[in-house]
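Here is the structure we will look at, set down as structure tokens.
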Amino acid sequence: MYRLLLSICAILQFLANVHAQPGVASPEIVSDQTRIALSAVLPEESDALPESARPILLNRLRQLANMGGFAGNAILPQFILAANPVVVDKKIAAAAPPKIWVELELSLYIADYHSKTVFVSTAVSLRGIGATDAEAFSDAFKNFQPGKKELKEFTRKGREQIVAYYNGQCDLILGRIQMLTNTEQADAALDMLLRIPDVSKSCFDAAIAKSEAVYLAAAEQQCNKLVQSARAAWVNAPNRAGADKAAFYLGGIPTRATCHGEADALLGEIKSKMKETESWEREQYKDSISLQKQLIAALRDIGVAYGSGQPDTQINVRGWLW
């Protein structure tokens, strides 16, 4: 029970520590765990997007998202930054050897993948030149400048619209979380809870209030997987580091969980093989920062376990963005 209470306190402390001021949090003070995750999306096939040029455009999109205060790709994408390049003009420039000149219109969208809601959109003109089509398109994408004023305004508006989404839809989101928790789908509920960023104060506060119950319900429903994770951690590293990781997984299992007996047996095995057991137990929770990182890892493991079993984790925007 002591380990369980520490786990509960850690999740509440973590959520409270990352809580920002009301309104939109400044990009300089928002951590990677709490920033809104914005996943970059490109067309699967496009005449204006040769395979060799894709990494260049993806990198520019990620720079744009990062400069706008967004985090990187999510485990289960919700908010996306999509870009669709279209050829406006293409010419053979008189040169020796001849050069290919292209003009592109790059349409940009910040959208909600689940609700198919487009928050903001804009378009950027790009030009490039090269000896081949691929070189010309690559040159055009290299000319995409994420730091431009109009693009900063684009991402700022996107953040504002996402905040408005959480402010306006929070009750529905929390209601869905509660329904999932009550119907033995707490792993999915936990996934939804972890997606709520701290940019909306009222919604984030409500998420904090639900975090303990949802986490414990998810831990109960993922009981066997947590034991397996603990066993794997100990087998792969039968030392202090492995024991710490295994003990943390086991410590998140409620005392009335169906597999608690198996968890206690594994913890007893670890204790029997550890030297200076009392010292080890005292050191487990000495570093609160380390504990928070372990908690995040444990929560993410539950989320990954949920997400890996879902049939549709591909981001397909054909038919509603282009």
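What follows draws every value from the coordinates through simple rules; no lab data is involved. Note that the structure is a prediction, hence the values are computed from the model and not measured. As a convention, Cβ positions derive from the backbone with ideal geometry for all residues, glycine included, and neighbour counts pool all protein chains shown.
Set the bar at 24 Å for Cα to Cα. Now go through 91/152; 201/245; 91/149; 116/157; 152/210; 225/271 and name every pair that lies beyond it. Kindly include the intermediate steps, with their values, before the conclusion.
Numbers: 91/152 31 Å; 201/245 32 Å; 91/149 30 Å; 116/157 18 Å; 152/210 34 Å; 225/271 21 Å.
Correct reply: 91/152; 201/245; 91/149; 152/210.
Charges at C-beta only: +1 for Lys and Arg, -1 for Asp and Glu. How large is the resulting dipole of segment 154-277 about its Cα centre, in Debye rounded to 20?
Numbers: 15 positive and 14 negative charges, 82 e Å.
Charge dipole, segment 154-277, about its Cα centre: 400 debye, nearest 20.
For the pair residue 320/residue 67, report the inter-label distance in nm, with labels modelled 7 Å from Cα in the Cβ direction.
Each label point lies 7 Å from its Cα, and together they span 2.9 nm.
Peptides 53-59, 237-243, 93-99: what's the order by average Cβ count within 10 Å, highest mean first?
On the way: 53-59: 17.3, 237-243: 15.1, 93-99: 9.4.
Answer by packing, highest mean first, reads 53-59, 237-243, 93-99.
In angstroms, what radius of gyration and Dmax does segment 35-147 have, counting Cα atoms only?
15.1, 52
Starting from the Cα-Cα distance between residue 156 and residue 58, subtract it from 0.36 nm times their residue separation and give me the gain in nm to one decimal. It would help to have the intermediate numbers written out before the result.
On the way: separation 98, 0.36 × 98 = 35.28 nm, distance 1.96 nm.
Contour length minus Cα-Cα distance gives 33.3 nm.
May I ask you to sort 260, 114 by Cβ crowding, counting other Cβ atoms within 10 Å and putting the fewest first?
On the way: 260 17, 114 11.
By the 10 Å Cβ count, ascending: 114, 260.
Quick check: the distance between the Cα centres of segment 113-144 and segment 240-271, to the nearest angstrom?
51 Å
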